[in-house]
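Here's the structure we're looking at; comments come further down.
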Amino acid sequence: MALTDQAFIQYSRQILLADVGEHGQNIFSQSHVLIIGVGGLGNLAAQYLAAAGVGQITLVDGDTIERSNLPRQLLFSVEDLGSNKAQVAAEKLMQAYPDSHINSLQHYLTLDNAPEIFNARQQFSLLLDCSDNFSTRQLINQLAIEHQVTLVSASAANFQGQLLSVNQQLRPDTGCYHCLYPSDMGVSQSCQTVGVLGPMVGTLASMQALMSLNLLLSLNAKADQRQVSGRQTQVDDQPLLGQLYRFDGAKFTWRQAKLTRDPDCLVCSA
Amino acid sequence: MINILLNDEAVTVAVGTSLTQVLERQTIALNGVALVLNAEVVPRSRWSHIMCQHDDKLEVFSVVAGG
């Protein structure tokens with residue numbers, strides 16, 4: 001599909017990239033990204049994806065905007081206090097980026113309401129975990145596996161940030177979120193208990209958005225190749241899938257590790 | 001005895017020490033951390049089966065769930 005003149009100008013800096021081009025811009029515009037959680041991570045990740053021309057984004061959050069959110073949830077202002085996060089973010093993003101259609105689901109994700117989100121009418125290109133608690137992260141991982149969606153999970157608290165992406169169909173050897181963090185783990189770090197600086201969350205959200213755009217391009221390129229060759233192949237040239245990145249925002253160090261499937265995992269090996 | 005690095009600090013352990021035993025000797029709660037051995041995540045179910053080797057680099061860290 002040819003880009004309009006206006007779109008060509010608006011997205012010219014990313015179209016200039018050899019890995020994007022007009023083809024990549026079309027991939028963005030035809031993508032639908034599901035974002036669970038519209039706090040510090042979801043605010044900025046959603047904004048970057050909408051600004052890049054991702055055609056459809058669904059935001060899910062039942063939380064309301066509080067004054068303590070404002071230092072890191074930059075789409076929100078004092079006038080928004082008390083309103084639903086997904087609703088306000090959707091309204092503001094659609095006003096700023098009319099190429100992107102933003103749906104808002106104004107409730108928390110639960111096992112009971114998941115079928116409303118993951119139904120036959122919705123095909124998600126990516127699922128972004130921008131939630132703020134461990135049990136929701138486990139549920140998101142389970143749903144990503146059930147519905148065969150690539151999961152891009154980011155988190156931040158205090159001066160620690162973590163980022164990973166997994167896909168059971170393309171890289172079963174690298175396992176899932178539960179292989180890394182079994183659900184019986186003790187969790188001590190949340191923003192409410194240990195605090196966080198706005199740019200710390202913003203760094204992880206930016207990396208999550210950057211990883212997501214890269215994955216949209218590479219996963220689509222791989223799907224095209226599979227259509228041509230007519231066979232399902234394991235993706236061994238996806239350098240981002242199956243990697244864990246950890247950022248220390250006080251020491252400014254990044255560490256990378258390859259994820260590994262747990263043969264006893266109750267979620268992906270069951 | 002062999003030398004390993006645990007979160008960038010040199011630690012000496014006996015030959016045949018498992019990853020589980022390393023954590024226990026450091027009084028690290030096993031259900032509170034994840035573990036990377038030489039840039040590869042080791043799932044918790046494998047810790048007791050893997051013995052430390054000389055110059056192993058172990059990284060032990062907590063889950064971060066905020067956002």
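The values are calculated or read from the model by the stated rules, or taken from the named source; none is laboratory data. Everything quoted here is computed from the prediction, not taken from an experiment. No Cβ is skipped: glycine too gets one built from the backbone with ideal geometry, and neighbour counts run over all protein chains shown. Each accessible area value is taken on the protein alone, full model and side chains, heavy atoms only, with ligands, DNA and RNA left out. Shrake-Rupley method; radii C 1.70, N 1.55, O 1.52, S 1.80 Å.
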Ranking B:TRP47, A:TRP254 from most to least accessible area with a 1.4 Å probe gives A:TRP254, B:TRP47
Gyration tensor (alpha-carbon) shape descriptor, chain B, a/c threshold 1.5
prolate
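Which whole-number value in Å² is the accessible area per residue of the protein assembly as shown, probe 1.4 Å?
Value for the protein assembly as shown: 46 Å² per residue.
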State the Cα centre-to-centre distance between the stretch A:2-21 and the stretch A:102-148 in whole Å.
31
Per residue of chain A, what 222 nm ellipticity follows from adding -39500 (n - 2.57) for every DSSP H run with n ≥ 4, rounded to the nearest 500?
-11000 deg cm²/dmol
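Return the average number of partner chain Cβ atoms within 10 angstrom of each residue Cβ along peptide A:190-196.
Working: counts 4, 4, 1, 1, 2, 1, 3.
What the average comes to for A:190-196 is 2.
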When you look at the Cβ of every residue in A:252-260, what mean number of other chain Cβ atoms sits within 10 Å?
4
May I ask for the distance between the Cα centers of the stretch A:166-181 and the stretch B:8-23, given as a whole number of Å?
27
Per DSSP helix of 4 or more residues, -39500 (n - 2.57); summed, then divided by the residues of chain B. What does that give at 222 nm, rounded to the nearest 500?
-2500 deg cm²/dmol
Tally Lys and Arg at +1 and Asp and Glu at -1 over the other residues with C-beta under 13 Å from the C-beta of A:ILE140: what net charge comes out?
-3
Could you work out the mean count of beta carbons from other protein chains within 10 Å of each residue's beta carbon in A:131-142?
2
Taking each pair of different alpha-carbon atoms in chain A once, compute 1/r for the pair, average those values, and report the inverse of that mean as the Kirkwood hydrodynamic radius in Å to one decimal.
19.0
Gaussian network model of chain A, Cα within-10 Å springs - most flexible of A:GLU22, A:GLU79, A:GLU146
A:GLU79
